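The values are calculated or read from the model by the stated rules, or taken from the named source; none is laboratory data. It should be emphasised that the depicted structure is a prediction, and the values quoted were computed from it without experimental measurement. Note that each Cβ is placed from the backbone with ideal geometry, even for glycine, and that neighbours are counted across all protein chains shown.
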């Protein structure tokens, strides 16, 4: 299993993905051990995988969690096929659990502005206010994923042009414009940034090392709770807000796709559903024939 996880790391899988897959595969191994000595990869068949999935359903796990666990097992067995340890991958013959489509929760423009303005006002004192302000502004102003944000290096920002190089999924790079206010706050943070020698990251923690996904998420949550009373907001909420607010303002859907780094337009199109819901609410509230 360790060799398979190493291949994920070399393929630039996120730390979060590697950690979850390792846990999922360990849990699968523990399930096999319940019946005695766990079989090797060659002893894993479709029936055994289905029995394991039935145990996951019986444990009342969320379908999205079961999907991820099956994906982890598929990836491991596919690695075993490549290494000639088994002839076929039995996990590909098991149906992936379907999950109901759920639209993301998106902060309103008023909520988003209250969060950003509140952080800038100093209402919630923190040890590194410039860093936190820059972090929030970049998440909303550039619509980046939290992993992309903490992965940014000083050399990725072109201050004269107002762009930042973003490293997305599967090593894909894109350039994203930085709003003027976010650029100004980012400059202020870099001027006072205190990092360990040789540290290239823009966003660093109290030890001067690169900030982690978890660290950035905790910062967003702390400000959201303190300023909005909302414990459900996370970095991806600001990415959703970025896309939705752009679409409401008339931005082209394909342009938003490029800015977000979505490989498929269908992924971006979920935001059109959100704006349609907004239109329906306006219609229901205003049209004399709506009710």
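Scanning the range 8-19 for residues that are in contact (Cβ under 8 Å) with a residue 24 or more places away in the chain and assigned to a helix (DSSP H, G or I) returns 8, 15, 16. Of the residues making up the range 41-63, just one is loosely packed, with under 11 Cβ neighbours inside 10 Å and in contact (Cβ under 8 Å) with a residue 12 or more places away in the chain, namely 42. Against the test of being under 20 Å from residue 111 (Cβ atoms) and modelled with pLDDT under 95, the options 147, 231 yield a single qualifying residue, 231. Residue count for the range 19-33 satisfying the condition of being surrounded by 15 or more Cβ atoms within 10 Å (Cβ to Cβ) and within 12 Å of residue 76 (Cα to Cα): 5.
Right, residue 170: in a loop (DSSP other than H, G, I, E, B) and at pLDDT below 95 or not? No: the conditions fail for residue 170.
Would you mind stating whether residue 97 is more than 23 Å from residue 240 (Cα to Cα) and in a loop (DSSP other than H, G, I, E, B)?
Working: more than 23 Å from residue 240 (Cα to Cα): yes; in a loop (DSSP other than H, G, I, E, B): yes.
In short, yes.
Matching residues to (1) assigned to a helix (DSSP H, G or I); (2) more than 28 Å from residue 217 (Cβ to Cβ); (3) outside the structural domain of residue 78 (by TED's automatic domain parsing):
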position	(1), (2), (3)
6	yes, no, no
21	yes, no, no
30	yes, yes, no
54	yes, yes, no
61	no, no, no
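Counting only residues that are modelled with pLDDT under 90 and either crowded, with 17+ Cβ neighbours inside 10 Å or over 11 Å from residue 223 (Cα atoms) (or both), how many does the range 122-138 have?
Taking the range 122-138 and keeping what is modelled with pLDDT under 90, we get 122-127.
Of the ones still in play, those that are also either crowded, with 17+ Cβ neighbours inside 10 Å or over 11 Å from residue 223 (Cα atoms) (or both) are 127.
The total comes to 1.
Which one is nearest to residue 108 (Cα to Cα) among residues in the range 249-282 that are modelled with pLDDT under 80, surrounded by 11 or more Cβ atoms within 10 Å (Cβ to Cβ) and under 18 Å from the mean Cα position of the chain (by Cα)? Residue satisfying both the conditions and the ranking: 271. Among the residues of the range 113-166, those identified as within 20 Å of residue 180 (Cβ to Cβ) and either part of a loop (DSSP other than H, G, I, E, B) or not assigned by TED's automatic domain parsing to the domain that holds residue 268 (or both) are 143, 144, 152, 159, 160, 161, 162. Counting the residues of the range 178-223 that are under 19 Å from the mean Cα position of the chain (by Cα), closer than 15 Å to residue 129 by Cβ and surrounded by fewer than 17 Cβ atoms within 10 Å (Cβ to Cβ) gives 1.
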